[in-house]
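Shown next, in structure tokens, is the structure this report addresses.
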Ligand SMILES: NC(=O)c1ccc[n+]([C@@H]2O[C@H](COP(=O)([O-])OP(=O)(O)OC[C@H]3O[C@@H](n4cnc5c(N)ncnc54)[C@H](OP(=O)(O)O)[C@@H]3O)[C@@H](O)[C@H]2O)c1
């Protein structure tokens, strides 16, 4: 494949900036854009063989609708969105280029791609087959293909249930009115770890977590399961039945 440049819309911050550095480290020329950068989408799509959309979820579809029609035939349009069904559909609908959905299953705080999982959703691929999977694999990433619908189903648990539970505990903690500084004096190592996750989730990029939860097509099913689990526990607590609660837990994990 002849040399090509990579453009990352949203490459000035977050995971887009992380991958800009990564691809530069692999020898590629990378151009980035954000809301205030000089490079516009006309120029980026003209000079870049690959354009990656890595903007907040709430503006992803409108950015795809803007960039998609500008993509040249034979070029590659990708995205890093944490949900896949809608963005992949939009990329297919709005462009005549090749299309690859990609979800790096890590955040910009990791030091290396080695050992990280990356989900790929090849949607319209011909000459770009194998790129960028080979680049990621060469550096030790676990790269796998998945259909967008299956990806979003899995994310309803990995992200939906997981962040939902963290945020619920964070809100409940606040609702108790407890003084956190005082609480920390009583902390156990297990609680320290949990509190660390709650503080990270509830004070960083909260819009991302909100979009990941509310935008997932399977999330209501997950919330119903969560509510049902909580109400089964509440019921057994009300009945003061620790034996039944222990039995419920051990039976579930057999
Ligand atoms: N953060 C993660 O852990 C993570 C992991 C995997 C996937 N993702 C996905 O990656 C995408 C970006 O998330 P992020 O957390 O990296 O976001 P972020 O830290 O908020 O960064 C967003 C980037 O998008 C740019 N941007 C914002 N609004 C824009 C607009 N209207 N037009 C063009 N550029 C715009 C920002 O640039 P300026 O501020 O310079 O305008 C910035 O470079 C999301 O789809 C998310 O689901 C995130």
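Readers should treat all values here as calculations from the given coordinates under stated rules, not as data from a laboratory. Only a predicted model underlies this, so the values are computations on that prediction, with no experimental measurement involved.
For the reader, a short list of remarks on this structure follows.
- Compactness of region 151-252 - radius of gyration and Dmax, Cα, Å: 15.7, 41
- By the Cα gyration tensor, the chain has an equivalent ellipsoid whose semi-axes, rounded to whole angstrom, run 40, 20, 17 from largest to smallest.
- Viscosity 0.692 mPa s, temperature 37 °C, Stokes-Einstein D of region 1-126 from Kirkwood C-alpha radius, µm²/s: 228 µm²/s
- Structural size metrics of region 57-146, computed from C-alpha coordinates, are Rg and Dmax of 13.2, 35 Å.
- Using alpha carbons only, the radius of gyration of region 67-217 set against its Kirkwood radius gives Rg/Rh = 1.08.
- Put the Cα centre of region 196-224 next to the Cα centre of region 97-159 and the gap is 21 Å.
- Inter-part distance where region 18-47 and region 51-69 are each reduced to a Cα centre, Å: 14 Å
- Gaussian network model of the chain, springs between alpha carbon atoms under 10 Å - residue of 232, 89, 137 with greatest fluctuation: 232
- Expected 222 nm ellipticity per residue - DSSP helices of 4 or more, -39500 (n - 2.57), all of the chain, to 500: -15500 deg cm²/dmol
- For the chain, modelled as a GNM whose springs connect Cα atoms under 10 angstrom apart, the maximal fluctuation among 186, 106, 23 occurs at 186.
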